[in-house]
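The values are calculated or read from the model by the stated rules, or taken from the named source; none is laboratory data. Since the structure is predicted, the reported quantities are computational estimates derived from the model, not experimental observations. Note: ideal-geometry Cβ built from the backbone for every residue, glycine included; neighbour counts use all protein chains shown. Heavy atoms of the whole protein, side chains included, go into the accessibility calculation; ligands, DNA and RNA do not. Shrake-Rupley method; radii C 1.70, N 1.55, O 1.52, S 1.80 Å.
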Amino acid sequence: MKVFVLNCGSSSFKYQLLNMDTEELLAIGLVERIGLNDSVLAYEATGKEKVKEVSDIADHAQAIKMVLDKLVDAEVGVISKLEEISAIGHRAVHGADKFTKSVLVDDEVIAAMEECVPLAPLHNPANITGMKAMMDVLPGVPNVAVFDTAFHQTMPASSFIYALPYELYEEHKVRRYGFHGTSHYYVSNRAAEILGIEKDNFNCITCHMGNGSSFAAIKDGKCYDTTMGMTPLEGLVMGTRAGDVDGGLFKFLENNANMSIDDIDTMLNKKSGLLGISGISSDMRDIESAAAEGNERAQLAIDALMHRIVKYIGAFAALLGRVDAIIFTAGIGENAIELREEVMKRLTVFGIKGDSDKNNCRGKEQIISADDSAMTVMVVPTNEEITIGRDTKEIVAAL
Ligand code: AMP
């Protein structure tokens with residue numbers, strides 16, 4: 001079964017075509033600047049020449065048609081006709097408490113996602129646009145939505161409730177939901193497999209650190225707590241997002257810095273985090289090289305990130321009681337060797353011992369703690385697309 005996996009943003013999308021019988025990647029790419037001038041379409045079929053084309057692409061449907069044309073192209077294509085695509089799997093960001101697992105997309109699902117728009121005003125409209133565009137371009141082919149929030153729906157109320165008037169939860173669904181669920185689910189399952197531990201008996205802390213970052217405390221294979229909240233802003237220091245801040249900040253900034261709620265929202269989401277502290281970049285590689293050249297604010301950004309990583313791992317370890325593994329994943333988690341080394345050093349209170357030779361790795365599955373470490377620390381590269389492909393296959397095969 002061939003599944004087209006779509007991760008749709010407001011002016012861009014990433015895609016993969018997967019052969020889900022073998023879990024082989026057939027083609028991968030992204031389209032950026034949709035609706036703007038000089039849109040860029042990137043496409044790469046496994047084993048074939050990369051394609052990059054610049055043109056004006058008006059909307060998502062046009063962009064999807066252009067990608068599908070590539071898939072059946074005589075030179076760079078990987079399938080002979082579009083009918084070979086059996087299903088489409090969508091990354092869907094916010095399903096609130098409506099979706100505890102992946103679902104077949106229909107009008108009701110789209111309506112439910114529309115209801116969640118106030119909770120994810122940037123992401124959900126883009127996901128819905130992608131779904132409608134796929135239905136338009138490939139009518140009759142089933143679409144499946146795989147929610148970032150679904151894995152976290154097992155959190156107990158004590159984890160997800162904010163200490164606010166309860167009516168806000170009842171009337172406006174104000175609570176913590178958590179994100180990156182597909183990644184936390186994938187890496188925790190994979191780690192259990194690697195370690196030979198029964199998934200239902202596996203306790204771990206998954207550390208997804210990329211441009212956006214979140215950790216999850218997983219108890220008996222189920223999410224018990226996570227660092228992101230009602231929106232993907234809470235928790236860790238991220239590329240441009242502030243993570244945890246004092247709610248008293250808003251009134252203070254309104255009164256003293258002449259900032260509106262919109263200004264503050266933009267600042268917290270787009271101008272904070274590593275970028276805000278360093279003033280240089282949101283990209284960890286830039287921050288690391290600036291710090292190595294002696295830039296103090298870049299070093300402070302790394303120190304602040306490190307501080308919060310250690311703080312949350314410590315808090316989650318206390319909540320879980322027993323931790324079988326700490327798992328690093330995503331761009332920073334898979335690649336930032338020195339950061340991982342330092343995190344392990346700061347966790348000696350838990351009997352954690354790193355192994356520098358094993359930790360000297362990027363982007364591969366590897367145990368990075370010493371054999372006599374009290375907790376196993378490991379790197380597991382995330383693969384959200386394969387999880388979306390698997391859920392899509394399972395749902396469509398049962399139709
Ligand atoms: P993601 O959102 O998962 O693509 O992760 C993006 C983040 O990973 C950016 O902050 C990158 O700087 C970071 N990253 C990627 N490669 C490396 C690397 N070799 N060393 C440190 N950080 C990296």
Q) Does the stretch 322-330 contain any residue that is within 11 Å of the ligand (Cβ to nearest atom) and either open to solvent by less than 50 Å² (accessible area, probe 1.4 Å) or under 19 Å from MET238 (Cβ atoms) (or both)? A) yes
Q: Report yes if SER289 is within 11 Å of the ligand (Cβ to nearest atom) and not in a helix (DSSP H, G or I), otherwise no.
A: no
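Listed here are the residues, each with its yes/no results for (1) part of a strand (DSSP E or B); (2) more than 19 Å from ARG91 (Cα to Cα).
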residue	(1), (2)
TYR15	yes, no
LEU18	yes, no
GLY29	yes, no
GLU49	no, yes
LYS52	yes, yes
ALA58	no, yes
Q) For ARG390, are the conditions met, namely being without any contact (Cβ under 8 Å) to a residue 60 or more places away in the chain and either within 13 Å of the ligand (Cβ to nearest atom) or not hydroxyl-bearing (Ser, Thr, Tyr) (or both)? A) no
Q: Considering only residues that are outside any loop (DSSP other than H, G, I, E, B) and basic (Lys, Arg), look in the stretch 338-381 and name the one that is most open to solvent (accessible area, probe 1.4 Å).
A: LYS345
Q: Would you please list the contacts, defined by Cβ atoms under 6 Å and residues six or more apart or on different chains, that run from a residue in the stretch 352-364 that is under 22 Å from GLY314 (Cβ atoms) and at pLDDT 95 or above to a residue that is assigned to a loop (DSSP other than H, G, I, E, B) and within 13 Å of the ligand (Cβ to nearest atom)?
A: none
Q.
On the basis of being more than 25 Å from MET155 (Cα to Cα), open to solvent by less than 50 Å² (accessible area, probe 1.4 Å), away from the ligand (no atom under 16 Å from the Cβ) and within 19 Å of the chain's Cα centre (by Cα), does LEU268 make the cut?
A. yes
Q) Here are some residues: GLY196, GLY229, GLY178, GLY212. Which one is in contact with a strand residue (DSSP E or B) (Cβ under 9 Å, 6 or more places away or on another chain) and either modelled with pLDDT of 95 or more or within 15 Å of the ligand (Cβ to nearest atom) (or both)? A) GLY178
Q: Enumerate the pairs (first residue in the stretch 300-312 and closer than 12 Å to GLU288 by Cα; second residue anywhere and among the hydrophobic types (A, V, I, L, M, F, W, C) and open to solvent by 30 Å² or more (accessible area, probe 1.4 Å)) with beta-carbon separation below 7 Å, excluding pairs fewer than 6 apart on the same chain, so at least 6 apart or on different chains.
A: LEU300/ILE277; ALA301/ILE277
**Q.** The one condition in (1) within 21 Å of the chain's Cα centre (by Cα); (2) on the phi < 0 side of the Ramachandran plot; (3) in a loop (DSSP other than H, G, I, E, B); (4) in contact (Cβ under 8 Å) with a residue 40 or more places away in the chain that VAL141 fails to fulfil
**A.** (1)
Q.
Return the residues of the stretch 8-31 that are open to solvent by 20 Å² or more (accessible area, probe 1.4 Å) and at pLDDT 95 or above; say none if nothing qualifies.
A. LYS14, GLN16, ASN19, ASP21, THR22, GLU23, GLU24, LEU25, LEU26, ILE28, LEU30
Q.
Residues to consider are ILE110, ILE79, ILE128; find the one that is modelled with pLDDT of 95 or more and assigned to a loop (DSSP other than H, G, I, E, B).
A. ILE79
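Listed here are the residues, each with its yes/no results for (1) touching a strand residue (DSSP E or B) at 6+ places or on another chain (Cβ under 9 Å); (2) away from the ligand (no atom under 15 Å from the Cβ); (3) not polar (S, T, N, Q).
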{"residue": "VAL310", "(1), (2), (3)": "no, yes, yes"}
{"residue": "LEU320", "(1), (2), (3)": "yes, yes, yes"}
{"residue": "GLU338", "(1), (2), (3)": "no, no, yes"}
{"residue": "THR348", "(1), (2), (3)": "no, yes, no"}
{"residue": "PRO381", "(1), (2), (3)": "yes, no, yes"}
{"residue": "GLU385", "(1), (2), (3)": "yes, no, yes"}
Q.
Name the single residue that is most open to solvent (accessible area, probe 1.4 Å) among those in the stretch 230-253 being part of a loop (DSSP other than H, G, I, E, B) and among the hydrophobic types (A, V, I, L, M, F, W, C).
A. VAL245
